[in-house]
Amino acid sequence: MRLFRARMRENSVALSDDTKKAASMPTLPEDADPRSSIIFEDDDGSSSVGSGATLPKSRFQRRAQMSSIDRNLDALGLAPHPDAHEELPRYELETIQMFGSLTGASLTWLELKQLGFKLDPQWKSTSQSMLESTVSSAFLVKLLEGSGLQRGDARLTDFYGKLRDLDALEVDRPLTLAVFDKLVAPCRDIIYLAISGDLSIPDFSAFGSTLEKIYSKINEIKSGANASYIPQLAQVNPEQFGISVTTVSGQHLSIGDSDVPFCIQSCSKPLSYLMALGEHGSAYVHRCVGTEPSGQRFNEMVLKDAPEPKQPSRRIPHNPMINAGAMMMCSMLSPKLTREERLEKVLDTWRALTAGAGPDPVGYDDATYQSESATADRNWCLAYMMKESGAFPPCFTSLSETLELYFQICSILCTSRGMSVMAATLANGGLNPITGERVFAADDVRRVLPLMLTCGMYDFSGQWAFDVGLPAKSGVGGCVFMVIPNVCGIAVWSPRLDPIGNSVRAVAVAQELCRTYALHNFEVFSGLSRHKVDLSKRRKNEESIKAIAAVLFAASHGEVRALRSHHIAGMDIYASDYDQRTALHIAAAAGHVDAVEYLVKTAPAADLEHIIGAKDRWGFTPLHEAENFDRSVIDKNGQAQRRSRVSIDDDAAERHGALSLPPHAPLASPLCTPSLGAPQP
Ligand code: GLN
């Protein structure tokens, strides 16, 4: 039984008890030998298969190769009776769990019996039969959309297609278990994560409303101006503003002008660097580009010394995030192909990076290319400097091929929706979270992120690292994208730039987000004293529940040092749990005088009375606990007494006792107070 419990814990998902019971319906593949399942021994040696279902005592052998369903049964500590016959349709375990969770129904005792389980007659499920239950299609769609899974999500195309065929998309229809099973079959994993609250940002709707508020606030900002040195960029409507977020489990949220294509400009730089790394490897690439912030403007005429024995005056670009470095990367992209082929290859990579969240967002604006190519003296100058300094790699072809490809790549179009999928692909270690396609190696993504953090925002990068602390890249087209490793990608687009060249609104959105969420890479906390919201936590109050549990644990063990440290870390050591029990209740009940003393002495004078008189769910105060357990007592001044039996001042007893003791309990003195025994309602 011990083993069974441990397994149950290991495999438990956030589903109701009913669902766990429901999950007991086994699914047997054609070739499965039910005898191969695992059974568990009770402490007394008898064997059992979960709540109430008992098997004969013989032990079955584990088959060398367990089928997946055997593993499922194993996980649940269930095994069908050897004579099990397959009368009922077979469903995947996850389907049963999901359907049970959505409907609150479970398999009935009779259904399990029909499946051949030997069941303890004592245990009869009273909940509604799963086979007679239905789930509302509208509810299901609302649940998926509420958790951030979009209708346009490539993984759900089949699911929504089938719902439409059943005319259950626009109209709310009841779905039986059999229909539900067919619907979810192609995307069971992702729907399972949504239903069990295990997607990357579990509280997606709360995140969405915070983002909406931030959008409206930042929309008021009108300062800055479009980039004008590239004529085409000056013509873009400066009022446009879009924010998009895609998580590594593919949840998506877009606000505002998120489907308007814009020029990615310098946002292309980290990706060109990744493409060069993929093609040539890190050593080859970094012979020609550094990893240092330049501390200068993105198009500054400056290079970094990189002497080599044969070229002592060799100089290379500081990093791949500034113009010189990005041109260097372009020189390495498939140099043997024609320029059209090279651009097409880059566009294909961009399509792979951004695919999955709706129609292809990638485009190319030849007019911008032409307008930049015609006004690019500065970039030409930088390129000549690099050539003169011996910076280019052996695969280098010509300056014009390199520069024209660079301008073309800067003229790629994308939307903030697409940019957020690209950023999520980086957050996901180079694997597009929606299509599941690997675009870059995880090691290379690990290389680009620190460069984005230290060099991604031009000569604002230091301030950005200080304020926001996230890898990000900015472009003069007005986009800034950010990567929160293992959580999500965020893209903000609005064309007006500050004097440094970063979108004013995008920087403001990032700063605003950091006020609410613990996004900064170096956000530190003392113990569990977290004041900002952690995006990937399941529930808003998860942190505070953990903190209370830690405080109560310390109290139950009389660990004054731990209580003190929690207090210094900023936790509320007087908070109560679900049963309204406080650390003081628990320390008093367990007779930990030192802990009681610490808690009482540390309490703010104004709150002391309230703290000592706090009633738990059963109406008991810490004072009662002290009396009841006859180990420590708090006197009327709130002092813990290191005595086992102390008479308590009548006033104090009345003051606190009258508030909470059941009327029949004598109050005069703990010496004559009978044990209160088990909590009374
Ligand atoms: N194409 C632009 C240039 O080379 C890109 C600059 C930018 O976005 N910072 O100047």
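Assorted remarks:
- Given (1) away from the ligand (no atom under 14 Å from the Cβ); (2) open to solvent by less than 10 Å² (accessible area, probe 1.4 Å); (3) of a type in the set (S, T, N, Q); (4) in contact with a Leu (Cβ under 9 Å, 6 or more places away or on another chain), index of the condition Ser494 fails: (4)
- Close Cβ contacts (under 6 Å, 6 or more residues apart or on different chains) running from residues in the stretch 591-607 that are over 17 Å from Gly570 (Cα atoms) to residues that are buried (at least 18 other Cβ atoms within 10 Å of the Cβ) and polar (S, T, N, Q) comprise Gly591/Ser632; Val593/Ser632; Val596/Ser632.
- Positions within the stretch 359-372 being β-branched (Val, Ile, Thr) and either more than 15 Å from the ligand (Cβ to nearest atom) or open to solvent by 20 Å² or more (accessible area, probe 1.4 Å) (or both), in sequence order: Val362
- Condition met for Leu193 (crowded, with 22+ Cβ neighbours inside 10 Å and of a type in the set (A, V, I, L, M, F, W, C)): no
- All positions within the stretch 407-431 that are open to solvent by less than 10 Å² (accessible area, probe 1.4 Å) and within 14 Å of the ligand (Cβ to nearest atom): Phe407, Ile409, Cys410, Ser411, Ile412, Cys414, Met419
- Candidates Met332, Met328, filtered to the one that is touching a Cys at 6+ places or on another chain (Cβ under 7 Å), within 16 Å of the ligand (Cβ to nearest atom), assigned by TED's automatic domain parsing to the domain that holds Ser268 and not polar (S, T, N, Q): Met328
- When Gly281, Gly242 are screened for being without any contact (Cβ under 8 Å) to a residue 12 or more places away in the chain and open to solvent by less than 40 Å² (accessible area, probe 1.4 Å), only Gly281 passes.
- Of all residues in the stretch 188-213 being aliphatic (A, V, I, L, M) and assigned to a loop (DSSP other than H, G, I, E, B), the one that is farthest from Cys488 (Cα to Cα): Leu199
- Taking residues in the stretch 498-521 that are at positive phi, and partners anywhere that are of a type in the set (S, T, N, Q) and not in a helix (DSSP H, G or I), the pairs with Cβ atoms closer than 9 Å and at least 6 places apart or on different chains are Gly501/Ser474.
- Ile434 falls short on exactly one of the conditions (1) within 29 Å of Lys217 (Cβ to Cβ); (2) of a type outside the set (Phe, Trp, Tyr); (3) more than 16 Å from the ligand (Cβ to nearest atom); (4) assigned to a loop (DSSP other than H, G, I, E, B), and that condition is (1).
- Some residue of the stretch 295-309 being away from the ligand (no atom under 16 Å from the Cβ), under 23 Å from Cys395 (Cβ atoms), of a type in the set (A, V, I, L, M) and assigned to a helix (DSSP H, G or I): no
- For the stretch 373-384, a tally of residues being open to solvent by 40 Å² or more (accessible area, probe 1.4 Å), touching a residue at least 60 places away in the same chain (Cβ under 8 Å) and not hydrophobic (A, V, I, L, M, F, W, C) returns 2.
- Considering the stretch 346-358, the residues that are touching a residue at least 60 places away in the same chain (Cβ under 8 Å) and assigned to a helix (DSSP H, G or I) include one that is most open to solvent (accessible area, probe 1.4 Å), namely Thr349.
- Members of the stretch 148-169 that are within 24 Å of Glu132 (Cα to Cα) and either assigned to a loop (DSSP other than H, G, I, E, B) or open to solvent by 60 Å² or more (accessible area, probe 1.4 Å) (or both): Lys162, Arg164, Asp165, Leu166, Asp167, Ala168, Leu169
- The residue pairs whose first member lies in the stretch 385-399 and is among the aromatic types (Phe, Trp, Tyr), whose second member is assigned to a loop (DSSP other than H, G, I, E, B), and whose beta carbons are closer than 8 Å, counting only pairs six or more residues apart or on different chains, are Phe396/Pro335.
- Subset of the stretch 459-469 [open to solvent by 10 Å² or more (accessible area, probe 1.4 Å) and under 20 Å from Asn319 (Cα atoms)]: Asp459, Phe460, Gly462, Gln463, Ala465, Phe466
- Candidates Glu292, Glu340 - the one that is part of a helix (DSSP H, G or I), charged (D, E, K, R), surrounded by fewer than 21 Cβ atoms within 10 Å (Cβ to Cβ) and away from the ligand (no atom under 16 Å from the Cβ): Glu340
Quick grid of which residues meet (1) more than 16 Å from the ligand (Cβ to nearest atom); (2) under 27 Å from the mean Cα position of the chain (by Cα); (3) not assigned by TED's automatic domain parsing to the domain that holds Thr157:
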| residue | (1), (2), (3) |
| --- | --- |
| Pro186 | yes, yes, no |
| Ser209 | yes, yes, yes |
| Glu220 | yes, no, yes |
| Ser228 | no, no, yes |
| Gln240 | yes, no, yes |
| Phe262 | no, no, yes |
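- When we screen Ser254, Ser258, Ser268, Ser244 for residues that are of a type in the set (Ser, Thr, Tyr), in the same structural domain as Ile322 (by TED's automatic domain parsing) and within 14 Å of the ligand (Cβ to nearest atom), the only hit is Ser268.
The values are calculated or read from the model by the stated rules, or taken from the named source; none is laboratory data. Worth saying up front: this structure is predicted, and the values here are computed from it rather than measured. Positions of Cβ are generated from backbone atoms using ideal geometry, with glycine treated the same way; all protein chains shown enter the neighbour counts. Keep in mind that these areas ignore ligands, DNA and RNA; they rest on the heavy atoms of the full protein, side chains included. Shrake-Rupley method; radii C 1.70, N 1.55, O 1.52, S 1.80 Å.
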